[in-house]
Amino acid sequence: MRFGTLDFTPAADSPALLAAPTATAIGAMQAADASGVLVAAIDPGLADTAAFCEHYEIAMGDGANCVIVQARRGERTWFAACLVRGADRLDVNGAVRRYLDARKLSFAPMEAAVERSAMEYGGITPLGLPDDWPILVDESVAAHERLIVGSGIRGSKLLVTGALLAGLPNTEVLPIAQPAA
């Protein structure tokens, strides 16, 4: 399938283009769901949203960024993944903090996000994250027909439906995005 200037193929057939936890998650999906997860190789230097979209002719709104946040309340610290469309900003200190019932919420430090997800920074995807991480999906992401997301590595991207993302384990669909200024 062609999207932008990229040709996508079934991700299950290309494990070398996926982080190990992503490949495991796709392998554990029902066949119908797994067949809807497509992958394309990209230049790893173009993995960041703006550069990727410009180079591969994909609208910012047709991509979803997976933002890892670190929440704290008392002595407890935990992580969550948040998905918003590339053209939007995450409402970290409003909707996300309230939903997670965190006293303090921040973007997770890069080293912690990479270590705990077992994925590359700039390629982190909700497919294959640790089982105890909540995944918060913005309503506009869940409603989108086809979206580009990370694959767990910087050298490829996945093409999935919003419905697939909304149906992942530990996922809640919420209004967590703010339109970019």
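The values are calculated or read from the model by the stated rules, or taken from the named source; none is laboratory data. Predicted, not measured: the structure shown is a model, and the values here were computed from it. For neighbour counting, all protein chains shown are included, and Cβ atoms are generated from backbone atoms with ideal geometry for every residue, glycine included. The area values use the complete protein model at the heavy-atom level, side chains included, leaving out ligands, DNA and RNA. Shrake-Rupley method; radii C 1.70, N 1.55, O 1.52, S 1.80 Å.
Data overview
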| item | result |
| --- | --- |
| Value of [θ]222 nm, deg cm²/dmol, for the chain, DSSP H segments ≥ 4, -39500 (n - 2.57) each, nearest 500 | -5500 deg cm²/dmol |
| Segment GLN30-GLU145, extension gain: residue separation times 0.36 nm, minus the distance between their alpha carbons | 39.5 nm |
| GluC sites (Glu not before Pro) restricted to DSSP loop in the stretch 10-108 with at most 12 other C-beta within 10 Å | GLU57, GLU75 |
| Spin-label proximity, ARG72 to the stretch 85-114 - amide N less than 11 Å from point 7 Å beyond Cα toward beta carbon | 103-106 |
| Hydrodynamic radius (Kirkwood) for the chain, which is based on Cα pairs only, to one decimal in Å | 16.1 Å |
| Distance (nanometres) between label positions extended 7 Å along Cα→Cβ at MET110 and ALA59 | 3.1 nm |
| Solvent-accessible area, 1.4 Å probe, carbon plus sulfur percent, for the stretch 31-83 | 50 percent |
| Built amide H within the under 5 Å cut-off of VAL173, gap 5+ | VAL137 |
